[in-house]
Amino acid sequence: MKFIGISFLLFILPLTLLGQDEEKKFGVKFSGFIKNDMFFDSRQTVTARDGHFLLWPAAEKLDPDGNDINDKSAFNMLTIQTRLRAKITGPDVLGAKTSGMVEGAFFAMSNATVNSFRLRHAFVKLNWTNTELLFGQTWHPMFITGCFPGTVSFNTGVPFQPFSRNPQIRLTQSAGDLKFVLAVQSQLDFANRGPVKVDGEIKNLPSSSFLRNSATPDMHVQIHYGRKNAESGNEFLSGAGVGYKSIVPQIETTQGYQTDETVAGLSAMGFLKVKIPALTFKVEGAYGEN
């Protein structure tokens, strides 16, 4: 049995060995907000977290008299989006500016644990003039922070908009108006669904084990082109990306035999944003397998 582990720790190792500027000090800036959401739905909906995360209106469900059971309004108030954030700065390392962020909210990881604290972002960044290297958990590369649906509801365009945060290593290289992104990532809160044995019974549940057992990370590459005019406020942003993921649904068949069969899938996306002072236009398309 072999085990190889690599950990990246921010501001724990003696950075003097890495040639940092000793005059620059460590710093932590705490922030956050308290958010109370109030929402009214004119009919029953398919949601998560006690109705907070809206997916879509519930389908018509007729009783014996022909009445739609789901034609019933609902109202709720929740503060589970309240967040805490810590932004960290530190000495330069290898000629790069160092920073980090930890952010959490009370949105929980499942409906059963709603109101519990959960991790949203936790990452370290090294920034050179044209290069950025990120380690940690943050947005999946297919969630473009500069071009996503500005919805009233918190769901931000789900289920059409990819909307997850993944542990990852991401390299971003800038070249003028162009930007190239390469990322490898794992899964945690948002994982593939598949056969999971629970108390001797096979159930269809989400689990990161399917990607872990493939021994290959989820991979994604992108190219962006963007320009901004600070005086006029005009902005143009476009880009495209492609990803590849291979999972192992099970390592043992139902007959008790070893198996290493994989299921591979491709993903692709493209986006465009045009902003002028009076109008912002966004469009995005996403394709995914498995």
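Observations, loosely collected:
- The residues of region 187-228 that are closer than 19 Å to residue 250 by Cβ and of a type in the set (Gly, Ala, Ser), listed by number, are 191, 194, 200, 207, 208, 209, 214, 215.
- The single condition from (1) assigned to a loop (DSSP other than H, G, I, E, B); (2) in contact with a strand residue (DSSP E or B) (Cβ under 7 Å, 6 or more places away or on another chain); (3) over 18 Å from residue 262 (Cα atoms); (4) free of Cβ contacts under 8 Å to residues at least 24 places away in the same chain that residue 203 fails is (1).
- Any hit, region 209-216, residues being at pLDDT 90 or above and assigned to a strand (DSSP E or B): no
- Search result, residues across region 126-162 that are of a type outside the set (Val, Ile, Thr) and under 15 Å from residue 243 (Cα atoms): 139, 140, 141, 142, 143, 162
- Subset of region 223-258 (residues that are open to solvent by 70 Å² or more (accessible area, probe 1.4 Å), more than 28 Å from residue 145 (Cβ to Cβ) and not β-branched (Val, Ile, Thr)): 250, 252, 255, 257, 258
- Residues in region 115-169 that are part of a strand (DSSP E or B), in contact with a His (Cβ under 6 Å, 6 or more places away or on another chain) and free of Cβ contacts under 8 Å to residues at least 40 places away in the same chain: 138 only.
- Matching entry among 97, 61 (being among the charged types (D, E, K, R), open to solvent by 40 Å² or more (accessible area, probe 1.4 Å) and in contact with a Phe, Trp or Tyr (Cβ under 9 Å, 6 or more places away or on another chain)): 97
- Number of positions in region 146-157 that are under 13 Å from the mean Cα position of the chain (by Cα) and farther than 16 Å from residue 270 by Cβ: 2
- If only residues of region 37-55 that are open to solvent by less than 50 Å² (accessible area, probe 1.4 Å) and of a type in the set (D, E, K, R) are counted, the one that is nearest to the chain's Cα centre (by Cα) is 49.
- Scanning region 263-286 for residues that are within 30 Å of residue 216 (Cβ to Cβ) and open to solvent by 40 Å² or more (accessible area, probe 1.4 Å) yields 263, 264, 266, 284, 286.
- Filter result for residue 204 (closer than 30 Å to residue 57 by Cα and at pLDDT 95 or above): no
- Odd one out for residue 72, checked against (1) exposed (fewer than 14 other Cβ atoms within 10 Å of the Cβ); (2) charged (D, E, K, R); (3) at pLDDT below 95: (3)
- The one condition in (1) modelled with pLDDT of 90 or more; (2) touching a helix residue (DSSP H, G or I) at 6+ places or on another chain (Cβ under 8 Å) that residue 22 fails to fulfil: (1)
- Residue selected from region 190-222 under the condition within 25 Å of residue 118 (Cβ to Cβ) and basic (Lys, Arg), by the criterion least open to solvent (accessible area, probe 1.4 Å): 203
- Residue ID - farthest from residue 274 (Cα to Cα), chosen from residues in region 109-133 that are surrounded by fewer than 18 Cβ atoms within 10 Å (Cβ to Cβ) and of a type in the set (A, V, I, L, M, F, W, C): 112
- Members of region 76-113 that are on the phi > 0 side of the Ramachandran plot and either under 16 Å from the mean Cα position of the chain (by Cα) or of a type outside the set (A, V, I, L, M, F, W, C) (or both): 95, 108
The values are calculated or read from the model by the stated rules, or taken from the named source; none is laboratory data. All of these numbers come straight from a predicted model, not from anything done at the bench. Virtual Cβ from ideal backbone geometry, glycine too; neighbours counted across all protein chains shown. Calculation scope for accessible area: heavy atoms of the full protein, side chains included, ligands and nucleic acids excluded. Shrake-Rupley method; radii C 1.70, N 1.55, O 1.52, S 1.80 Å.
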